[in-house]
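Participant: This structure is in structure tokens; I'll ask about it shortly.
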Amino acid sequence: MMNKISVIIPMYNAEKTIEELLTNLSEQSFSNVEYIIVDDGSEDNSFSMVDNYIEKTKDKRFKLYHQINKGVSSARNLGLQNANGDYIIFVDCDDRLDKDFIEKYFTTIKSVNADIALFPINSISSLDSNTITKKINDYNFKKSIINTSELSTKILEGYISTYLFGFIFKSSLWKDIQFNEKISYKEDYLALLTILITNPKCKIVVDHHPYYWYCDNEYGLSGKYSEKRVDDGLIVSKKILNEASKSDILDYGLACYGYLIADLEAINFGIDSNTKMIYLKYSDEFIKMFHYATFPNIKIKIKRMIQKLLLQTHTYILFHKGMKRVKNENNI
């Protein structure tokens with residue numbers, strides 16, 4: 001019997017994009033699939049639109065669930081709890097898919113009996129655009145089969161994004177893994193690295209053809225820059241740092257580098273929100289953590305060295321405000 005694939009789709013206020021996604025899903029060339037749509041307390045017509053679609057088409061592949069608004073992590077967890085497939089794919093409700101998207105993902109992972117398959121992603125500015133603004137995860141690994149250490153290293157270095165729609169997983173990998181429902185930023189980063197840590201011998205295949213179109217627009221699930229985002233980034237970075245201190249697949253120096261980035265977000269937020277205590281606390285932490293960090297390349301190391309010098313000489317605030325002003329002027 002052909003393997004079944006579960007596609008998990010968290011949904012929140014997606015009435016502007018959900019119809020196109022439903023069409024994309026219904027036209028997929030791979031047939032043995034279940035579409036698990038979890039409405040996370042939408043306040044628009046998203047739920048009724050999907051419900052009406054299922055009632056009209058009688059397409060039994062679609063399963064619709066509803067919960068009060070708990071966040072994308074909770075919605076994905078509910079999807080995992082109700083998934084019956086041999087493989088798991090995550091899709092965002094405001095993106096676009098090639099008609100053979102699921103088939104290509106499945107063919108790639110099945111061809112070498114891998115546990116995870118990784119794909120590049122086309123980033124576009126709107127659903128009706130064919131202009132690719134950038135390619136995500138278009139990293140040229142030297143071989144098509146990689147191990148958990150190689151993938152985690154590129155994630156920590158920042159060369160590979162943890163957008164979940166760039167992967168297909170054997171469902172067994174998620175048996176004892178859940179998304180942390182207390183965080184809404186970098187929840188995918190934490191979940192993916194947790195899978196790699198928990199399954200250090202899993203086999204990963206890399207494909208170099210994008211079949212997923214990520215729409216980087218105002219209707220996405222991503223949270224805005226806020227104190228919650230800063231706190232979540234620090235929580236995730238600290239968890240990864242703790243795991244790196246005892247894991248064979250995570251590089252501790254690179255985990256320190258990841259924590260520097262979280263510190264920097266906190267520093268910038270402290271300046272923008274005029275919260276001196278936050279700025280001072282994480283400036284001090286950045287300076288201390290710098291000595292333990294390993295950097296992806298010399299250019300990044302020099303950039304962080306300059307930032308450390310500016311923090312040590314108490315001139316970073318002026319630098320940050322100046323850079324922000326230039327950016328705003330360029331966007332006018």
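The values are calculated or read from the model by the stated rules, or taken from the named source; none is laboratory data. Since the structure is predicted, the reported quantities are computational estimates derived from the model, not experimental observations. Virtual Cβ from ideal backbone geometry, glycine too; neighbours counted across all protein chains shown. Surface areas here come from the heavy atoms of the whole protein model, side chains and all, with no ligands, DNA or RNA. Shrake-Rupley method; radii C 1.70, N 1.55, O 1.52, S 1.80 Å.
Participant: Cβ-Cβ below 6 Å, separation at least six or inter-chain, first residue in segment 71-84 and touching a residue at least 40 places away in the same chain (Cβ under 8 Å) and within 23 Å of Glu43 (Cα to Cα), second among the acidic types (Asp, Glu) and open to solvent by 30 Å² or more (accessible area, probe 1.4 Å): which pairs?
Facilitator: Ser73/Glu181; Ser74/Glu181
Participant: Quick one: which strands (runs of 3 or more DSSP E) sit completely within segment 57-142 and have at least 2 residues that are under 22 Å from the mean Cα position of the chain (by Cα) and modelled with pLDDT of 95 or more?
Facilitator: Strands (runs of 3 or more DSSP E) meeting the threshold: 87-90, 116-118.
Participant: Could I ask something else about it? Tyr185 fails exactly one of the following numbered conditions: (1) open to solvent by 70 Å² or more (accessible area, probe 1.4 Å); (2) in contact (Cβ under 8 Å) with a residue 12 or more places away in the chain; (3) in a loop (DSSP other than H, G, I, E, B). What is the number of that condition?
Facilitator: Result: Tyr185 fails condition (1) only.
Participant: To continue, here is another question. So the check is Cβ under 8 Å with 6+ separation or different chains; which pairs have a first residue in segment 26-55 that's on the phi > 0 side of the Ramachandran plot and a second one that's surrounded by 19 or more Cβ atoms within 10 Å (Cβ to Cβ) and not β-branched (Val, Ile, Thr)?
Facilitator: Hits for this filter: Gly41/Tyr12.
Participant: Scan the helices (runs of 4 or more DSSP H) fully inside segment 216-323 and keep the ones with 3 or more residues being farther than 30 Å from Lys203 by Cα and of a type in the set (A, V, I, L, M).
Facilitator: 252-272, 276-290, 298-312
Participant: Among the candidates Tyr292, Tyr282, Tyr316, single out the residue that is open to solvent by 30 Å² or more (accessible area, probe 1.4 Å), aromatic (Phe, Trp, Tyr) and more than 25 Å from Thr194 (Cα to Cα).
Facilitator: Tyr282
Participant: On to the next question. State whether the residues of segment 22-38 include one that is acidic (Asp, Glu) and within 25 Å of Tyr211 (Cα to Cα).
Facilitator: Yes: segment 22-38 contains one or more residues that are acidic (Asp, Glu) and within 25 Å of Tyr211 (Cα to Cα).
Participant: Can I ask one more? Would you mention how many residues in segment 1-54 are among the small types (Gly, Ala, Ser) and closer than 23 Å to Tyr105 by Cβ?
Facilitator: 5
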